[in-house]
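Beneath this line is the structure, given in structure tokens, with notes to follow.
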Amino acid sequence: MLGAKLSLTLLAMSMILSASVVRVRDGLPLSASTDYDQSTGMQECRKYFKMLSKKLSQLPDRCTLKTGQYNINFISSLGVSYMMLCTENYPNVLAFCFLDELQKEFITTYNMMKTNTAIRPYCFIEFDNFIQRTKQRYNNTRSLSTKMNLADMQTEIKLRPPYQISVSELGSANGFSHVPVGEYKGTGKISAAPHQRLEPVTLPGIVSFVLSLLCGALNLIRGFHAIESLLQNEGEDFSYVIAFFLGTAACLYQCYLFVYYTGWRNAKSFLTFGLICLCNMYLYELRNLWQLFFHVTVGAFSTLQIRLRQPQGKSPDYNV
């Protein structure tokens, strides 16, 4: 058995020190194991943890960072990243088996809606109990040698090795230097622009998409009615027609931004919302307060959903 071939002497001197669960899109920590080590090396590794958390969406779904006597490994899937710190001689195959167990348990315990809408750090702190139990088991060589088959994981790592992040790529403590995401080895090329994959759609996102289409359709219908009125009455203002059609274009563009990734996506969504507000202000005489409130509220809701649905940059069928 492959597990029996691992050196027990090596395992006795190596161990997992800490682990955490982080949301990919903004680096929000969702849960973490309790860490009592206050050594200088561990303090430095905590800085690396924070720096990596801020750039998870730009990194492949399986990575390793070697920092002297410690290694940081992480995997990412479905908008959540699972990170761990271990000693430099801890076997790679065990490290990623450990992360795989965290991933499976977290996905089983919490649905995507909860992780996407979480606003407080460590709001799933109760998951720490599972992290601690699993960490103790992986630091006990006897329990692992009889309960695990590491062949599949070792094969997976050989076929698709984790991307090795160098310390120089991290830049200063204030952030990363630029990392060319198209050159990651073992993971295929990751597109940085229009074709980058977004996080899975949530129910509020679907609702905002449908409401934006509805507002666009209402603007379009009113625009055609304004044209008919203009043809029948020469005194009608043509600018109302323009306002209706601009409102239609803005609503449809919000739908596009929600579905597809583009550069400056968040800025474009705010500008589009501003255009919706301006159009409705101009159409104040033709709409009652409830209609104006509906169009502006839908525009704001769609803008929020565009902001929340960030680039995933990971393979959704990742199954380490």
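The values are calculated or read from the model by the stated rules, or taken from the named source; none is laboratory data. Every value quoted in this text rests on a predicted model; they were computed, and no experiment measured them. Don't worry about glycine lacking a Cβ; one is built from the backbone with ideal geometry, like all the others, and counts go over all protein chains shown. Heavy atoms of the whole protein, side chains included, go into the accessibility calculation; ligands, DNA and RNA do not. Shrake-Rupley method; radii C 1.70, N 1.55, O 1.52, S 1.80 Å.
Observations on the structure shown:
- Only one of PRO161, PRO200 that is closer than 30 Å to PHE258 by Cβ and either at pLDDT 50 or above or outside any helix (DSSP H, G or I) (or both): PRO200
- Scanning the stretch 95-118 for residues that are more than 24 Å from GLN43 (Cα to Cα) and in contact with a Phe, Trp or Tyr (Cβ under 9 Å, 6 or more places away or on another chain) yields a total of 11.
Every residue, every condition in (1) surrounded by 15 or more Cβ atoms within 10 Å (Cβ to Cβ); (2) without any contact (Cβ under 8 Å) to a residue 12 or more places away in the chain; (3) among the polar types (S, T, N, Q), yes or no:
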site	(1), (2), (3)
LEU271	no, yes, no
ASN280	yes, no, yes
LEU289	no, yes, no
THR297	no, yes, yes
ARG309	yes, no, no
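- Within the stretch 232-258, the residues that satisfy the criterion of being loosely packed, with under 13 Cβ neighbours inside 10 Å and not acidic (Asp, Glu) are GLN232, ASN233, GLY235, PHE238, SER239.
- Residue within the stretch 32-47 that is open to solvent by less than 10 Å² (accessible area, probe 1.4 Å), at negative phi and at pLDDT 85 or above present: no
- Residue match in the stretch 253-263 (condition: over 25 Å from the mean Cα position of the chain (by Cα) and free of Cβ contacts under 8 Å to residues at least 24 places away in the same chain): no
- Filter result (under 29 Å from the mean Cα position of the chain (by Cα) and aromatic (Phe, Trp, Tyr)) within the stretch 264-298: TRP264, PHE270, PHE273
- Count of residues meeting criterion [closer than 22 Å to TYR122 by Cβ and over 11 Å from the mean Cα position of the chain (by Cα)] in the stretch 60-89: 9
- Among residues of the stretch 110-128 being open to solvent by 70 Å² or more (accessible area, probe 1.4 Å) and part of a helix (DSSP H, G or I), the one that is farthest from ARG307 (Cα to Cα) is GLU126.
- Of all residues in the stretch 49-106, those being polar (S, T, N, Q), part of a loop (DSSP other than H, G, I, E, B) and modelled with pLDDT of 85 or more number 1.
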